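Undergrad: Once you've had a glance at the structure underneath, I'll fire off some questions.
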Amino acid sequence: MNIILNNIENYYKNYIENLVFDERPKAEFLNLLNNNNCIERQNIWDTFRASHPNCDYSILANPFYIGFGNPNSDILFVGKEKAFDILNRPQLFIRESINNTLQWSSIYRNNQFEITHPQILQNLGFNPFFPKSYHTNNFPTRHTWGIYSTIVNGLYNSNLLLNESINFQNSFFSRCFTTELNHIPSRYSRGLRMSQIRHAFFMNDFYRSFSKIFIGAIGYLTINELKTIFNVAPNNNGNLITLGRNNQREIIARYFEDNNRKIVYCNQLSGAAGWTNEAINELILLML
């Protein structure tokens, strides 16, 4: 993780400084980013929103958003974008987007890996190792996290829990890392493409280091873009595989083996994408 954290907060500040929008909200938001206390940032964010209710908050999304879970695990799940509405969930926006890089920087800078998650949650307002300690409601098994949990359990022959919010070691987040291609959260996919700055950021060796990579975003990347981002050999175009059927529709994926890694490019890993139990089981077997 250290390879991705170097100077990352300054990159975010420079990104905002170079955006074209009203100088007053820009200056106030930069004031927020200049504060290195996650909890105080949340309070500043409340004040900012009250002062600028008509601001397009989506332009403030953190293009260097890293993700959630265990950065030292073998499994990486990559989705299209975070599925929440910024206007209706502004407190989630500060915790899961704006503050994500500061949370990880604080954890690594202070060597907080052995701190139990309630302490991290208290100090940072959100625990990027373990987002279920904040989202204590239950999720259905066909939710994206539910399918991630099913896959992790299948790969490890384990019984890690989707809705565990107390003990990190019992949670599927202890065995995987999750992130998104597009940094702008949206309740429903708006068909936005990966920004150039996000594309360049994603080529970091951190994301390339996982041995099992699930990219649930068919149609979002071209095969050449995928190979560039994840440093797949230019002559390796993978194999198109049928994992199952949902009525008359085939559930397909493109599978790569490269540099001791297994990479699969498939439909969004959620119930809405039509995944069947058969197809999920075949996906697990493919990646074992």
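The values are calculated or read from the model by the stated rules, or taken from the named source; none is laboratory data. Nothing here was measured: the structure is a model prediction, and the numbers come from that model. A quick note on method: Cβ atoms are made from the backbone with ideal geometry, for glycine too, and the neighbour counts reach across all protein chains shown.
Undergrad: Does the range 44-67 include one or more residues that are in contact (Cβ under 8 Å) with a residue 60 or more places away in the chain, aromatic (Phe, Trp, Tyr) and touching an Asp or Glu at 6+ places or on another chain (Cβ under 8 Å)?
TA: Filtering the range 44-67 down to residues in contact (Cβ under 8 Å) with a residue 60 or more places away in the chain leaves 58, 61-67.
Those still in the list that are aromatic (Phe, Trp, Tyr) too: 64-65.
If we keep only those that are touching an Asp or Glu at 6+ places or on another chain (Cβ under 8 Å) too, we end up with 65.
Among the residues of the range 44-67, at least one is in contact (Cβ under 8 Å) with a residue 60 or more places away in the chain, aromatic (Phe, Trp, Tyr) and touching an Asp or Glu at 6+ places or on another chain (Cβ under 8 Å), which makes the answer yes.
Undergrad: Would you say Tyr108 is of a type in the set (Phe, Trp, Tyr) and out of contact with any Phe, Trp or Tyr (no Cβ under 7 Å at 6 or more places or on another chain)? If you could, list the steps in order and put the result at the bottom.
TA: On the way: of a type in the set (Phe, Trp, Tyr): yes; out of contact with any Phe, Trp or Tyr (no Cβ under 7 Å at 6 or more places or on another chain): yes.
For Tyr108, the condition - of a type in the set (Phe, Trp, Tyr) and out of contact with any Phe, Trp or Tyr (no Cβ under 7 Å at 6 or more places or on another chain) - is met.
Undergrad: Limited to the range 166-202, what total is found for residues that are of a type in the set (Ser, Thr, Tyr), in contact with a Lys or Arg (Cβ under 7 Å, 6 or more places away or on another chain) and at pLDDT 95 or above? Reasoning before the result, please.
TA: In the first step, residues of the range 166-202 are kept if they are of a type in the set (Ser, Thr, Tyr); the result is 171, 174, 178-179, 186, 188-189, 195.
With in contact with a Lys or Arg (Cβ under 7 Å, 6 or more places away or on another chain) added as a condition, the list becomes 171, 189.
Narrowing the set further to residues that are at pLDDT 95 or above leaves 171.
Total satisfying the criteria: 1.
Undergrad: Just a yes or no: is a residue in the range 124-141 modelled with pLDDT under 95, touching a Cys at 6+ places or on another chain (Cβ under 9 Å), of a type in the set (A, V, I, L, M) and under 23 Å from Phe48 (Cα atoms)?
TA: Yes, because at least one residue in the range 124-141 is modelled with pLDDT under 95, touching a Cys at 6+ places or on another chain (Cβ under 9 Å), of a type in the set (A, V, I, L, M) and under 23 Å from Phe48 (Cα atoms).
Undergrad: Which of the residues that make up the range 203-221 are at pLDDT below 95 and touching a Cys at 6+ places or on another chain (Cβ under 7 Å)?
TA: The answer is Ile218, and nothing else.
Undergrad: So, one more: Can you tell me which residue in the range 229-249 is nearest to Ser209 (Cα to Cα), limited to those that are of a type in the set (A, V, I, L, M, F, W, C) and in contact with a helix residue (DSSP H, G or I) (Cβ under 9 Å, 6 or more places away or on another chain)?
TA: Looking only at the range 229-249, we keep the residues that are of a type in the set (A, V, I, L, M, F, W, C), and these are 229-230, 232-233, 240-241, 243.
Next, from what is left, pick out any that are in contact with a helix residue (DSSP H, G or I) (Cβ under 9 Å, 6 or more places away or on another chain): 229-230, 232-233, 241, 243.
Values: Ile229: 12, Phe230: 9, Val232: 12, Ala233: 15, Ile241: 24, Leu243: 26 Å.
Among those that are of a type in the set (A, V, I, L, M, F, W, C) and in contact with a helix residue (DSSP H, G or I) (Cβ under 9 Å, 6 or more places away or on another chain), it is Phe230.
Undergrad: With the requirement that a residue be farther than 30 Å from Pro71 by Cα, surrounded by 14 or more Cβ atoms within 10 Å (Cβ to Cβ), at pLDDT 95 or above and hydrophobic (A, V, I, L, M, F, W, C), what does the range 1-59 give you?
TA: Residue satisfying the conditions is Phe48 alone.
Undergrad: Let me ask something else about it. Residues in the range 133-189 that are free of Cβ contacts under 8 Å to residues at least 12 places away in the same chain and touching a helix residue (DSSP H, G or I) at 6+ places or on another chain (Cβ under 9 Å): how many?
TA: 2
Undergrad: Does the range 126-167 hold any residues that are buried (at least 21 other Cβ atoms within 10 Å of the Cβ) and outside any helix (DSSP H, G or I), and which are they?
TA: Within the range 126-167, Phe126, Asn127, Pro128, Phe129, Phe130, Leu162 meet the criteria.
Undergrad: Which one of these is farther than 23 Å from Leu32 by Cα and either at pLDDT below 95 or touching a Ser or Thr at 6+ places or on another chain (Cβ under 9 Å) (or both): Ser73, Ser106? Explain how you work it out, then say what you get.
TA: On the way: Ser106 fails: farther than 23 Å from Leu32 by Cα.
Going through Ser73, Ser106 in turn, just one is farther than 23 Å from Leu32 by Cα and either at pLDDT below 95 or touching a Ser or Thr at 6+ places or on another chain (Cβ under 9 Å) (or both): Ser73.
Undergrad: Further question: Considering each of Ile75, Ile94, Ile86 in turn, give the residue that is among the hydrophobic types (A, V, I, L, M, F, W, C) and over 15 Å from the mean Cα position of the chain (by Cα). Let's see the steps before the verdict.
TA: Details: Ile75 fails: over 15 Å from the mean Cα position of the chain (by Cα); Ile94 fails: over 15 Å from the mean Cα position of the chain (by Cα).
Every option except Ile86 fails the conditions.
Undergrad: How do the helices (runs of 4 or more DSSP H) wholly within the range 1-103 filter down when requiring 2 or more residues that are more than 30 Å from Gln169 (Cβ to Cβ), out of contact with any Cys (no Cβ under 7 Å at 6 or more places or on another chain) and polar (S, T, N, Q): which remain? Steps first, answer last, please.
TA: Values: elements: 2-5, 8-17, 23-33, 38-51, 90-93.
It comes to 8-17, 38-51.
Undergrad: All but one of (1) buried (at least 18 other Cβ atoms within 10 Å of the Cβ); (2) within 19 Å of Glu9 (Cα to Cα) hold for Val78, so report the exception by its number.
TA: Val78 satisfies every listed condition except (2).
Undergrad: Given the condition among the charged types (D, E, K, R), surrounded by fewer than 18 Cβ atoms within 10 Å (Cβ to Cβ) and closer than 30 Å to Phe230 by Cβ, answer yes or no: does some residue in the range 109-124 qualify?
TA: First pass over the range 109-124, keeping only residues among the charged types (D, E, K, R): 109, 114.
Then drop every residue that is not surrounded by fewer than 18 Cβ atoms within 10 Å (Cβ to Cβ), which leaves 109, 114.
From what's left, closer than 30 Å to Phe230 by Cβ: 109.
Yes: one or more hits.
Undergrad: Oh, and also: Of all residues in the range 86-95, which are surrounded by fewer than 23 Cβ atoms within 10 Å (Cβ to Cβ) and under 16 Å from Ser133 (Cα atoms)? Give the steps one after another, and end with the answer.
TA: Initially, the range 86-95 is screened for residues surrounded by fewer than 23 Cβ atoms within 10 Å (Cβ to Cβ), giving 86-92.
Listed by number, the residues that qualify are Gln91, Leu92.
Undergrad: With the condition being buried (at least 21 other Cβ atoms within 10 Å of the Cβ), I'd like the strands (runs of 3 or more DSSP E) fully within the range 174-288 carrying at least 2 qualifying residues.
TA: On the way: elements: 176-180, 212-216, 239-246, 249-258, 261-266.
Answer list for the range 174-288: 176-180, 212-216, 249-258, 261-266.
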